[in-house]
Structures are given as structure tokens and as C-alpha cells.
Amino acid sequence: MTMQLQELYISNILQYISTNTLEWIGALFGIAGIYLTTKAKVACFPIGIVSVAASWFLFIKEGFYANALLQLFFALMLIYGWWSWTRKKNDRTIKITRSGWDGLALYTLAGIAVGLLFGYYFTGKPDSNVPYADGLTTGLSFAAQWMVARKKSENWILWIITNTIYVIMYWYTHLPVYATLYLVYLLLAIQGWYNWQKEYTKNLSA
């Protein structure tokens, strides 16, 4: 590659980053926040708040209104989770527990129901992008984030499903950074499931 082509390549990358600042902030802080969540570290909450703030502005700009609303819910759940994980009950902080398959099914059905309502509401909005996919991922994310705040290990199963849909949706709507981000989230969710199961088993034997 000649020096001129290298300079042009670097210039294009810098231009892309400068014009997609919100996308990059949301992506980088999002990865850091999810990674810390897989380790059950309380620092995941302040890091996550930065990510959802950037994502809220981006989604409003791109017409993902259900997912913009989701970021507000995430912010509330991050604050609640921060409080829930750090408060002490009987001099002990909250431990990882299971909701069971029945509980997971209930959370999933509730998320789908909410998602269909969002999809129906946003259908017909002139600048609403893929309303039902937007609504479905929003509803499922509501349920999964609530499970995180309550430290239910099955949250990762729901995140694996949700992040798979997100990857397809963002790639289809030409947001490659976010499509890649949610692919990373998908891999982290798999790792999170393994880590939390390991921690849960450790707590049982303690």
C-alpha cells in the first residue's frame, strides 16, 4: 500500500469515527459494561449508564424509538441494579440465583408481549425503522435487564436470543458498528452464562 493510500485509509477511518461518535461511545462503554456484568462486578452499572446515554441520542437520531425508550428503562434498571447489588440484607449482599425454566418462560413471554405492543404502536410512524424487530428486541431487553438487576442467572439465555436478533436488525439497517457490537455482546452473553453458572454452583457449596 502506497503512502498516499495509507493516508487516505487513515483519514477515512478518522472521519468515520468523528461522524459516528455516539456509536463509538455507546459501543466501547457497552462492551466494557457487559464484560464487567459477566464478572458480576458492580462497576458495570456506572459504565453502563454512559453507554445507554450515548445510545439514547443515537437511536433518537436513527428513528429507533422503541430502542430509545429502552435506553431510558436501562438507565432506571442500572440505577436500581446498582442499589440492589450493593445493599446488604442480613449483612450480606445479593447472590446469584436462578429463576428456573418456568420463570424464564414467563419473562420471555412478557418481553414478547411488550415487544408486540411497541411494534404495533410504532408501525406507521414515518421515520420508524423496522418497528416490530425494534419492538421485539426492546421487550425482550426489558425482561433480561430486570433479571440482571435481580441477579437471575437465566438472564444470559434471554440476552443470547435478544442479541442474535439485534445483530441481524442492525446489519440490515446499515449500522455496522452496532451490529458488530451486538455480536460481541452475544459472545459475552455466552461467557456470562458460563461465569454465572459457575458462581451459582460455588455459592451453593459455600
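The values are calculated or read from the model by the stated rules, or taken from the named source; none is laboratory data. Keep in mind that this is a model prediction, so the values were computed, not measured. Reconstructed Cβ throughout: ideal geometry from the backbone, glycine too, with neighbour counts over all protein chains shown. The area values use the complete protein model at the heavy-atom level, side chains included, leaving out ligands, DNA and RNA. Shrake-Rupley method; radii C 1.70, N 1.55, O 1.52, S 1.80 Å.
Which of (1) open to solvent by 10 Å² or more (accessible area, probe 1.4 Å); (2) free of Cβ contacts under 8 Å to residues at least 24 places away in the same chain does TYR170 not meet, given it meets every other one?
(1)
Only one residue in LEU204, LEU188, LEU181, LEU175 is open to solvent by less than 30 Å² (accessible area, probe 1.4 Å) and over 20 Å from ILE60 (Cα atoms), so which one is that? Explain how you work it out, then say what you get.
On the way: LEU204 fails: open to solvent by less than 30 Å² (accessible area, probe 1.4 Å); LEU181 fails: over 20 Å from ILE60 (Cα atoms); LEU175 fails: over 20 Å from ILE60 (Cα atoms).
Going through LEU204, LEU188, LEU181, LEU175 in turn, the sole match is LEU188.
Can you name the condition, by its number, that THR108 falls short on among (1) surrounded by 19 or more Cβ atoms within 10 Å (Cβ to Cβ); (2) within 28 Å of LYS61 (Cβ to Cβ); (3) out of contact with any Phe, Trp or Tyr (no Cβ under 6 Å at 6 or more places or on another chain)?
It fails just one condition, (2).
Do we find a residue being touching a residue at least 24 places away in the same chain (Cβ under 8 Å) and either among the acidic types (Asp, Glu) or under 25 Å from TRP24 (Cα atoms) (or both) anywhere in region 115-128?
Yes: one or more hits.
Would you check if ILE79 is open to solvent by 70 Å² or more (accessible area, probe 1.4 Å), under 16 Å from the mean Cα position of the chain (by Cα) and under 30 Å from TYR121 (Cα atoms)?
Numbers: open to solvent by 70 Å² or more (accessible area, probe 1.4 Å): yes; under 16 Å from the mean Cα position of the chain (by Cα): yes; under 30 Å from TYR121 (Cα atoms): yes.
For ILE79, the condition - open to solvent by 70 Å² or more (accessible area, probe 1.4 Å), under 16 Å from the mean Cα position of the chain (by Cα) and under 30 Å from TYR121 (Cα atoms) - is met.
Do the conditions hold for TYR170, that is, is it more than 12 Å from the chain's Cα centre (by Cα) and either of a type in the set (Phe, Trp, Tyr) or not in a helix (DSSP H, G or I) (or both)? Quick ask: steps written out before the conclusion?
Values: more than 12 Å from the chain's Cα centre (by Cα): yes; either of a type in the set (Phe, Trp, Tyr) or not in a helix (DSSP H, G or I) (or both): yes.
Spelling it out, TYR170 is indeed more than 12 Å from the chain's Cα centre (by Cα) and either of a type in the set (Phe, Trp, Tyr) or not in a helix (DSSP H, G or I) (or both).
When you scan region 40-126 for helices (runs of 4 or more DSSP H) that lie fully inside it, which ones turn up with 2 or more residues that are hydrophobic (A, V, I, L, M, F, W, C) and out of contact with any helix residue (DSSP H, G or I) (no Cβ under 7 Å at 6 or more places or on another chain)? Steps first, answer last, please.
Working: elements: 44-62, 65-86, 100-122.
Where helices (runs of 4 or more DSSP H) fall fully within region 40-126 and carry at least 2 residues being hydrophobic (A, V, I, L, M, F, W, C) and out of contact with any helix residue (DSSP H, G or I) (no Cβ under 7 Å at 6 or more places or on another chain), they are 65-86, 100-122.
If you take the residues in region 122-156 that are among the β-branched types (Val, Ile, Thr) and surrounded by fewer than 21 Cβ atoms within 10 Å (Cβ to Cβ), which one is nearest to the chain's Cα centre (by Cα)?
Initial filter on region 122-156 (among the β-branched types (Val, Ile, Thr)): 123, 130, 137-138, 148.
Restricting the remaining residues to those that are surrounded by fewer than 21 Cβ atoms within 10 Å (Cβ to Cβ) gives 123, 130.
Working: THR123: 23, VAL130: 18 Å.
Per the stated criteria, the residue is VAL130.
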